[in-house]
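Okay, structure first, notes after.
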Amino acid sequence: MKPHTLLVAWIVIQSAACTNLPLDVDGFPLPTPAQAVVEIPSGAILFQDDFSSPTTGWERMLAGEGVMDYDGGGFRILVNALDTNFWSTPGLSFDDVRLEVDVGKLGGPDENRIGMICRLSEGNYYFFLVTSDGYSGIGLFNLGQAILLGQTELQFNERILQGMTVNHLRADCQADQLAMYVNGFESLTVHDQTLASGEIGLMAGTFSEAGVDVIFDNFVALQP
């Protein structure tokens, strides 16, 4: 073996030894296996909250326009302003996610907005909502404008329990597909590619009458 070859071999061996790499029969480091990618199984819980503790990170507000806060083992949103939406998030962002929550009306008009949001980013988001008089829809709030997706107006949904009865809502945000379920029944599925990721949250809002007052409980975010 030539002197310069000896020098190269010595450098390779010393470098491998310093980094604790496995060597082949000639003293050269073996290739390291690629790091395994851990896939989260469908249905795995990413975040859940029964609102029994006021320390889980949801945005809170107390103002003349309304309230967003933990309240009696739930999360309350009261909206006193007209034609206004309030939303609160726990500060968690996802690309694809499945959201579920129980929600009931405490007071105010049946003509309201109640639901969940996903992919909130820079004030833009997808919304999944029901009203206490039995209507539902999926929409996009983008660049200061709200539009419904897949329909021109909210549609009556016989699966919604009206008035002050509790409803179980589910919202799926997966790739470009957005799906909404009410009390276990699929309500609507649409496709849109505007938003790819962002925060999750809860929302409530008013139309022409103020005083929408709702309580959320048993919130969960799942891997779709």
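The numbers here are math on the coordinates, done by the rules we state, and not lab data. From a predicted model like this one, the values you see are computed outputs, not experimental measurements. FYI the Cβ positions are ideal-geometry reconstructions off the backbone, even for glycines, and counts take in every protein chain you see.
Things to note:
- Ranked list, fewest to most other Cβ atoms within 10 Å of each Cβ, for Phe185, Phe216: Phe185, Phe216
- Taking the fewest neighbouring Cβ atoms within 10 Å as the starting point, the ordered list for Leu99, Leu161 is Leu161, Leu99.
- Counting beta carbons within 10 Å around each of Glu153, Glu59 and listing the fewest first gives the order Glu153, Glu59.
- With contacts taken as Cα pairs under 8 Å and at least 6 residues apart, segment 45-222 reaches a relative contact order of 35 percent.
- Euclidean distance of C-alpha centroids, segment 83-103 and segment 156-224, integer Å: 9
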